[in-house]
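All remarks here apply to the structure that follows.
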Amino acid sequence: MSEQNGKVQLTISDGVAAILIDRPQARNAMTWAMYEELGAICTRIAADPSVRVATIRGAGGEAFVAGTDIEQFRTFRDNAEGGDDGIAYEQAIDERVGQIESLPMPTIAIVEGWAIGGGLAISAACDFRIATPNSSFGVPIARTLGNCLSMKNTARVVAAVGVPTAKRLLLLAETIGALEAQACGFVTKVAEPGALEEEVASMCKRLASHAPVTMRVSKEAIRRLVNAGLPDAEDLIRAAYGSFDFKIGVNAFLDKQRPQWSGA
């Protein structure tokens, strides 16, 4: 894979699986191929009993993950069938994020800078988040793309920050900083850049010393509670991705213009 397209790398050392989203020139925005690599890595470490803790971080220090690369949406159809493309996309993202959420070992998102859109979903699928003070979290699609989240990712956001803050993220298209995210319980620890590695190592050591089976069944119980009884949302996804506004949003984003919404 070319450097421009990015890659997802894995290093395992002393029982810690370190996953690196490596596309810093694009703020670690994810391509389809990178999502596939992430899924393959999750499959690999899920089957490795030597892995006691997993971490995920973005390369470069400017961003954790700035969502999905918007160029990927150029291929979506311009008619109502674009709604079907959106459903297929959200199902694929649910599968990848679900793999992170279902990992049997504790997971830590190491957030430096932006965790936006899909980046917020990936961080929310982790068990803990350690962030630097300049980090920010958001899903600004109401003012940028005009698409929507899947029901599962919406549930993850609500579980992570609560209903009022979720509405600020999804309707007002606000972002929240690390300290506010910590205040609502989403961020576990805020660490200055110079202390970040020490904080991560300390949490990894603490988790690695705990009973693996207890942690595995406990996190799975929580996952089942969050996902229990979720209603179907294909009609909502089809309405958003099949809309004229979604095409307006994608083209405006890529052309660095402000979208002029039509409401259709």
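The values are calculated or read from the model by the stated rules, or taken from the named source; none is laboratory data. Small disclaimer: the values here were computed from a predicted structure and weren't measured. No Cβ is skipped: glycine too gets one built from the backbone with ideal geometry, and neighbour counts run over all protein chains shown. These accessible areas exclude ligands, DNA and RNA; they are computed on the full protein's heavy atoms, side chains included. Shrake-Rupley method; radii C 1.70, N 1.55, O 1.52, S 1.80 Å.
The table below gives the values:
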item	result
Fraction of beta bridges assigned by DSSP in the chain that are antiparallel (%, nearest 5)	30 percent
Accessible area of Glu36 in the full protein assembly, 1.4 Å probe (Å², nearest 10)	110 Å²
Along each principal axis, Cα extent of segment 10-129, largest first, Å	51, 29, 20
For segment 66-179, convex hull of alpha carbons as volume per residue, Å³	102 Å³
Local net charge near Val200, Cβ-Cβ under 10 Å (Lys/Arg +1, Asp/Glu -1)	0
Centre separation in Å (Cα based) which lies between segment 226-242 and segment 61-90	16 Å
Under Karplus coefficients 6.51, -1.76 and 1.60, residue-wise ³J(HN,Hα) of segment 201-215 in Hz, glycine/proline x	4, 5, 5, 4, 4, 5, 5, 5, 8, 8, 5, x, 5, 4, 5
Spatially proximal lysines relative to Lys189 (Cα-Cα < 23 Å; intrachain offsets below 8 disregarded)	Lys205, Lys219
The chain: relative contact order in percent, alpha carbon pairs under 8 Å with at least 6 residues between	20 percent
Tilt relative to the chain, helix 82-101 - C-alpha long axis, 0 to 90 degrees, to 10	10 degrees
Size descriptor, Kirkwood hydrodynamic radius, that averages inverse alpha-carbon separations across the chain, Å	18.7 Å
Along the chain, longest interval not containing exposed trypsin sites (Lys or Arg not before Pro), exposed being DSSP loop plus at most 15 other Cβ atoms within 10 Å	144-255
